[in-house]
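Reading through the structure tokens given below for one structure.
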Amino acid sequence: MSSESKSLYEYIRENLADGELPPGFSLPREKSKNQITFADGAQDGIAVYHMGSAEVTEESMEILEELFRAVSEGEFEEGRQKLEEFAKKNTPLGAIDEFQGYITENTDWIDAERLYRFASKCLMSSRADIVKYGMEMLEVFSEPDEEMKEKIRTLGLCDEFTLFALFHMRGWSDANEEIFSVARRVHGWGRIHAVEQLEPETEEIRKWLLEEGISNGVIPDYSALTVYQKADVRKLLAGEAEKKTLRPIAAVIRALLSEGPVHGIRAVEDADAMLLDFIRQAGSGSPDLELCAAVRDIVTAKRSEEVSTAGERYLKSRAVREAAGRWVERGEAVELAKYLGIDCCAPLYRCMAEDLHAHQYQCSELIHSDDYREKTLELFRKSLPMDKMAAEPEDNLGLGKEYENDSVLCYLVQNLADYPLCGTDFVLLSLKSPVTRNRNMALRVLYAWCRAENCTLGELSEELLCEVNALKEKECTESVRKSMAEYGF
């Protein structure tokens, strides 16, 4: 097989620290304009939870035959070319059944020893899809030796490959311990898949599932129902749980209630009885922020009258109201305070004035207040180095600490859509931002302003029109140009 740049396996190994990859790690990818860039494991994760299996065409099956005949004859370079040809038309996950099925159905002529060597070489590829196909080929063999297991474990520590490593581990003699080991050391899509595969065989595993199972850096909803069932939350609530146990239960309940991308509370048997038990136990001690937030979510979810009444009774108690007043002074429990009719603007403004970057997300509350809108914008003017942030447009996602101020700017600007010409200086700055999403956000806000005023951009502001026209001349990304056309600018 032809030589490649550094393998992804080597790249992962070099980045390991204390047995896992550091926060923010991602595989190197070729940056391609006008294409969505997925986080490690995201494309396969979305396919698992939201898409059906793709059809492998007859043409692709013919490529498979050519691939495995080349490999069986020891022509590994030709085999690689055929694998790359197959990969152009099929994703490893989408084609896994047909890919592995072809091997198992043709063992009479596929050379097993050469297939194993070819697959092992694929494992050392610098291309993620080729690595995955290598893992799929190796999976059809019996339990591997320790050296190969270690390679599979290492690849599994990267969210991009965790799912494929789990497919292997399920067939190993100590499967559940292997899965538990990787589950604790991955933190994105890999954890979602590992939690799904992990069996709650011990108290240690059940405890970990409850406390860490939904903490996946993607959306907790994906694992909420699985954790609810495997950690036996219903049984825990039937007894008297300690507050340290109720807190992770509260997080699981909140994720179940969101009914977001996957099945949630509607899939829980006798859900209202479970929620009543939670409310009862949440109210048995002094108010706790996490527990109160969960009860508020239960009430606003509009379950049965009995559940709503129990939740409202607790939240409107004197103890909770006093605690909520203290929490909002720290910039916390805003939704609970609003539910209870507690004024949030003054304490939130004080929090932002003390540390704008830590409390930037609360500007949405203050922007909506006529009394605090301009005062809040002035805080941003004092905090952001606006005179240094303008730059030529780039095809730039704005990731990393160096773009922290650009992220603050983007969040502020998106909250200006309902207030024509309010914060015009921030919108102008966003149009001059090197970060793509900032320019798109500015255009979206301008479109909202024009609709609200029922006017053209030129009628709204000659200055804004001039800046948009200037941007047209030098814009480098398709998404921003498309926004301009879509909004009629």
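The values are calculated or read from the model by the stated rules, or taken from the named source; none is laboratory data. These numbers were taken from a predicted model, which means no experiment stands behind them. We place every Cβ from the backbone using ideal geometry, glycine too, and count neighbours over all the protein chains shown. Quick note on the areas: whole protein, heavy atoms, side chains included, nothing else; ligands and nucleic acids left out. Shrake-Rupley method; radii C 1.70, N 1.55, O 1.52, S 1.80 Å.
Among the residues here, Tyr339 qualifies as open to solvent by 60 Å² or more (accessible area, probe 1.4 Å), under 30 Å from the mean Cα position of the chain (by Cα) and aromatic (Phe, Trp, Tyr). Filter the range 209-233 for residues that are over 30 Å from Arg13 (Cβ atoms) and without any contact (Cβ under 8 Å) to a residue 24 or more places away in the chain and give the result. Passing the criteria: only Gln229.
Elements of the type helices (runs of 4 or more DSSP H) sitting completely within the range 137-208 and holding at least 2 residues that are surrounded by fewer than 24 Cβ atoms within 10 Å (Cβ to Cβ) and without any contact (Cβ under 8 Å) to a residue 24 or more places away in the chain: these cover 146-156, 175-183.
Taking residues in the range 297-313 that are among the basic types (Lys, Arg), and partners anywhere that are part of a helix (DSSP H, G or I), the pairs with Cβ atoms closer than 6 Å and at least 6 places apart or on different chains are Arg303/Asp272. Residues that are hydrophobic (A, V, I, L, M, F, W, C) and surrounded by fewer than 16 Cβ atoms within 10 Å (Cβ to Cβ) within the range 345-397 comprise Ala346, Ala353, Ala358, Ala390, Ala391, Leu397, listed in sequence order.
Looking at the range 92-116, which of the residues that are among the small types (Gly, Ala, Ser) and closer than 11 Å to Glu136 by Cα is farthest from the chain's Cα centre (by Cα)? Full working, then the answer.
Applying the first criterion (among the small types (Gly, Ala, Ser)) to the range 92-116 yields 94-95, 101, 112.
Adding the requirement that they be closer than 11 Å to Glu136 by Cα leaves 95, 101.
Working: Ala95: 24, Gly101: 32 Å.
Ranking the candidates gives Gly101 first.
Remark: pairs (first residue in the range 381-393, closer than 17 Å to His357 by Cα; second residue open to solvent by 50 Å² or more (accessible area, probe 1.4 Å); Cβ separation under 9 Å; 6+ apart in sequence or on different chains) = Arg381/Asp425; Ser383/His357; Met386/Asp425; Met389/Lys432. When the criteria are applied in full, Leu157 fails the requirement of being modelled with pLDDT of 95 or more, of a type in the set (A, V, I, L, M, F, W, C) and touching a His at 6+ places or on another chain (Cβ under 7 Å). I'm trying to understand the selection: among the residues of the range 121-136, which are outside any helix (DSSP H, G or I) and buried (at least 20 other Cβ atoms within 10 Å of the Cβ)? Within the range 121-136, just Ser125 meets the criteria.
The residue that is nearest to Asp221 (Cα to Cα), among those in the range 283-295 that are in contact (Cβ under 8 Å) with a residue 24 or more places away in the chain and under 29 Å from the mean Cα position of the chain (by Cα), is Ala294. When restricted to residues that are out of contact with any Phe, Trp or Tyr (no Cβ under 7 Å at 6 or more places or on another chain) and either among the hydroxyl-bearing types (Ser, Thr, Tyr) or open to solvent by 30 Å² or more (accessible area, probe 1.4 Å) (or both), the range 110-120 contains 6. If the condition is being open to solvent by 10 Å² or more (accessible area, probe 1.4 Å), in contact with a helix residue (DSSP H, G or I) (Cβ under 9 Å, 6 or more places away or on another chain) and in a helix (DSSP H, G or I), then the range 424-449 contributes Thr424, Asp425, Leu428, Leu429, Thr436, Arg437, Asn440, Met441, Arg444, Tyr447. Within the range 214-239, the only residue that satisfies the criterion of being surrounded by fewer than 16 Cβ atoms within 10 Å (Cβ to Cβ), touching a helix residue (DSSP H, G or I) at 6+ places or on another chain (Cβ under 7 Å) and among the charged types (D, E, K, R) is Asp232.
Look at Leu421 and say whether it is out of contact with any His (no Cβ under 7 Å at 6 or more places or on another chain) and in a helix (DSSP H, G or I). Spell out how you get there, then give the answer.
Numbers: out of contact with any His (no Cβ under 7 Å at 6 or more places or on another chain): yes; in a helix (DSSP H, G or I): no.
No: the conditions fail for Leu421.
Quick one: in the range 52-67, which of the residues that are closer than 16 Å to Phe118 by Cα and in contact with a helix residue (DSSP H, G or I) (Cβ under 7 Å, 6 or more places away or on another chain) is most open to solvent (accessible area, probe 1.4 Å)?
Here the residue is Glu66.
With respect to the conditions (1) open to solvent by less than 10 Å² (accessible area, probe 1.4 Å); (2) assigned to a helix (DSSP H, G or I); (3) within 29 Å of Glu178 (Cα to Cα); (4) not aromatic (Phe, Trp, Tyr), Ile298 lacks only one, and its number is (3).
Considering the range 370-385, and only residues there that are assigned to a helix (DSSP H, G or I) and aliphatic (A, V, I, L, M), the residue that is nearest to Gly423 (Cα to Cα) turns out to be Leu377.
Scanning the range 251-283 for residues that are within 17 Å of Ala293 (Cβ to Cβ), open to solvent by less than 40 Å² (accessible area, probe 1.4 Å) and outside any loop (DSSP other than H, G, I, E, B) yields a total of 11.
Of everything in the range 88-97, what is surrounded by 19 or more Cβ atoms within 10 Å (Cβ to Cβ) and in a helix (DSSP H, G or I)? Give them in sequence order. If you could, list the steps in order and put the result at the bottom.
First pass over the range 88-97, keeping only residues surrounded by 19 or more Cβ atoms within 10 Å (Cβ to Cβ): 90, 92-93, 95-96.
Ile96, the sole residue that qualifies.
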